[in-house]
Amino acid sequence: MTGRDARGHEAHAGVAGGPARHIPVLAPAALDLLDVHDGGLYIDGTFGAGGYTRAILAAAPDARVIALDRDPTAITAGWELVDAAGGRLTLIEQQFSALDAVAEPGSVAGVVLDIGVSSMQIDDPARGFSFRLDGPLDMRMGSDGPSAADLVAHASERDLADVIFRLGEERHSRAVARAIVKARTEAPITTTARLAAIVARVVRGKPGEIHPATRTFQALRMAVNDELGELAAALAAAERVLAPGGRLVVVSFHSLEDRLVKTFLATRSGAGGVSRHLPETARPAPSFTVLTRRPVVADDAEMTANPRARSAKLRAAVRTAAPAWGDTPPAAPELPPLAAMLRGG
C-alpha cells in the first residue's frame, strides 16, 4: 500500500468548487445523504476521477478525505487535487475492501462507494474493458493479477459458462463458453475485438438492444476483479470504521451489486434476519438504520445528460452505536476462486 498526503500547500480557491473533469452519478443525493460537516473524516473508497472527493471537500471547508483507488492511473491523476487540498486529502493506492486499514474503528463520519468500472477505464482502449474499442483483453482495475485474457485462455468451458451466466446473466452462456473454447484452440484470444466477434457469432443482437458482447464482457470483468467479493468486504469494513451517526452511501450499477447492498443493510438494520454465519441464538443489535427504503435513482435530466446513470441505484444508511457484527456478508453467486478457474482448462 502506498500513500501520499498534501504537502502543506494552501488550498487553491478552486479546489472546493472549481470545475471537475468528472461529475459522479447521483452526486447531489449522495452528498445530501452523506451529511458532510466540518471536522468530519470521510472515506471515498472509489476515487476514480475525484468527483465525490471534490464534492466532499467543497461541502465543508474543514472536512478531511481519505480517498482510495486500486487503479494506479487514477492515483497518478489525483496528485494535483491532493496538492490543491491543503492537507485535507490523503490519496492511497488500495482496494476499497481494505478501507478499514486506513482509519481507526469508529473514527469516520462517512463512507461513499461508487461501484463498478469508471468512465476513464472504459474510454481507454489499452485497459481492455470495452468491446467497442479494440485493445488488449485486460480488464484489470489494478496493475497486477490475472487478466481477462488469462481467464478465457485457461478456464474450463463449464467455469466460463457459469461465470458468464451468474455474473453477466447471459442466457446464451453455454453457447458463448463453447465458442470461446473452440476459438482458443485455433489462436489465443488476446484482444477485445476478437472476443466481441466470437460472442456476436452466437448471441444475435437486434437494433436498439445492447451489444451482444455486453453481458459477457461484464461477467469477465467482474470475475477478474472479484467485484462482488470486494464489495462484500468493503461493506463490512465500512461498518467497522464508521462512528455512531456516520453515513454509508453506495451507488451501484448492476443488479447483483444492488442486491448485495440491499441485503447487507436489511440484515444489519434488523429487517432481514440474522446472518447465516452466526449461531441461531445470536441476534446482534442493529448496526445500521436504513435511510433509503427504496433506492434513489436518476431523474430524466440526469439520464439524458449521462446515459450511465440509467442503471444507477443509491442506497444509504446511518451507523448506530451498536458494535460491528464482525462477519463479512456472502458475495453470492458462489463461483470457484479465480485461481482455481485458471487451472481448470
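Each residue in segment 133-151 was checked for being closer than 22 Å to residue 181 by Cβ and open to solvent by less than 40 Å² (accessible area, probe 1.4 Å), and 7 of them qualify.
Here are some residues: 99, 68. Which one is of a type outside the set (Val, Ile, Thr), within 30 Å of residue 341 (Cα to Cα), in contact with a strand residue (DSSP E or B) (Cβ under 6 Å, 6 or more places away or on another chain) and without any contact (Cβ under 8 Å) to a residue 60 or more places away in the chain?
Values: 99 fails: without any contact (Cβ under 8 Å) to a residue 60 or more places away in the chain.
So the residue among 99, 68 that is of a type outside the set (Val, Ile, Thr), within 30 Å of residue 341 (Cα to Cα), in contact with a strand residue (DSSP E or B) (Cβ under 6 Å, 6 or more places away or on another chain) and without any contact (Cβ under 8 Å) to a residue 60 or more places away in the chain is 68.
What are the residues in segment 159-173 that are without any contact (Cβ under 8 Å) to a residue 60 or more places away in the chain, closer than 20 Å to residue 340 by Cβ and open to solvent by 40 Å² or more (accessible area, probe 1.4 Å), if any? Of everything in segment 159-173, just one residue is without any contact (Cβ under 8 Å) to a residue 60 or more places away in the chain, closer than 20 Å to residue 340 by Cβ and open to solvent by 40 Å² or more (accessible area, probe 1.4 Å), namely 165. Among the residues of segment 298-320, the ones that are out of contact with any Ser or Thr (no Cβ under 9 Å at 6 or more places or on another chain) and at pLDDT 95 or above come to 0 in all.
Counting just the residues of segment 195-218 that are open to solvent by 30 Å² or more (accessible area, probe 1.4 Å) and either touching a Leu at 6+ places or on another chain (Cβ under 9 Å) or not in a loop (DSSP other than H, G, I, E, B) (or both), which one comes out farthest from residue 130 (Cα to Cα)?
As a first pass, look at segment 195-218 and keep what is open to solvent by 30 Å² or more (accessible area, probe 1.4 Å): 197, 200-202, 204-211, 214-215, 218.
Next cut, either touching a Leu at 6+ places or on another chain (Cβ under 9 Å) or not in a loop (DSSP other than H, G, I, E, B) (or both) only: 197, 200, 214-215, 218.
On the way: 197: 13, 200: 14, 214: 9, 215: 11, 218: 9 Å.
Out of the qualifying residues, it is 200.
Among the numbered conditions (1) open to solvent by less than 30 Å² (accessible area, probe 1.4 Å); (2) among the hydrophobic types (A, V, I, L, M, F, W, C); (3) in contact with a strand residue (DSSP E or B) (Cβ under 8 Å, 6 or more places away or on another chain), the only one that residue 74 does not meet is (3).
With the structure loaded, tell me whether residue 114 is closer than 29 Å to residue 332 by Cβ and buried (at least 24 other Cβ atoms within 10 Å of the Cβ) or whether it fails that test. Considered against the rule, which asks whether it is closer than 29 Å to residue 332 by Cβ and buried (at least 24 other Cβ atoms within 10 Å of the Cβ), residue 114 comes out as yes.
Within segment 298-328, the set of residues being aliphatic (A, V, I, L, M), free of Cβ contacts under 8 Å to residues at least 24 places away in the same chain and open to solvent by 60 Å² or more (accessible area, probe 1.4 Å) comprises 301, 305. Scanning segment 77-111 for residues that are within 21 Å of the chain's Cα centre (by Cα), of a type in the set (A, V, I, L, M, F, W, C) and either closer than 26 Å to residue 257 by Cα or open to solvent by 30 Å² or more (accessible area, probe 1.4 Å) (or both) returns 77, 91, 92, 96, 98, 99, 101, 102, 103, 108, 109, 111. Taking the listed residues 191, 263, the one that is surrounded by fewer than 19 Cβ atoms within 10 Å (Cβ to Cβ), farther than 30 Å from residue 105 by Cα and not acidic (Asp, Glu) is 191, with no other qualifying.
Take the residues in segment 278-293 that are modelled with pLDDT of 95 or more and out of contact with any Pro (no Cβ under 8 Å at 6 or more places or on another chain); name whichever of them is surrounded by the fewest Cβ atoms within 10 Å (Cβ to Cβ).
So the first thing to find is which residues in segment 278-293 are modelled with pLDDT of 95 or more, and the list is 285-292.
If we keep only those that are out of contact with any Pro (no Cβ under 8 Å at 6 or more places or on another chain) as well, we get 286, 288-292.
Numbers: 286: 16, 288: 27, 289: 14, 290: 18, 291: 17, 292: 17.
Going through the qualifying residues, I end up with 289.
Residue 33 meets all of the listed conditions (1) farther than 20 Å from residue 244 by Cα; (2) touching a residue at least 40 places away in the same chain (Cβ under 8 Å); (3) open to solvent by 10 Å² or more (accessible area, probe 1.4 Å) but one, namely (1). Screening residue 257 on (1) open to solvent by 20 Å² or more (accessible area, probe 1.4 Å); (2) acidic (Asp, Glu); (3) modelled with pLDDT of 90 or more shows it passes everything except condition (1).
Only a single item in (1) over 15 Å from the mean Cα position of the chain (by Cα); (2) crowded, with 24+ Cβ neighbours inside 10 Å is not met by residue 58, and it is number (2).
The values are calculated or read from the model by the stated rules, or taken from the named source; none is laboratory data. No experiment lies behind these values; they were computed from the predicted model shown. Don't worry about glycine lacking a Cβ; one is built from the backbone with ideal geometry, like all the others, and counts go over all protein chains shown. Ligands, DNA and RNA are excluded from the accessible area calculation, which covers all protein heavy atoms including side chains. Shrake-Rupley method; radii C 1.70, N 1.55, O 1.52, S 1.80 Å.
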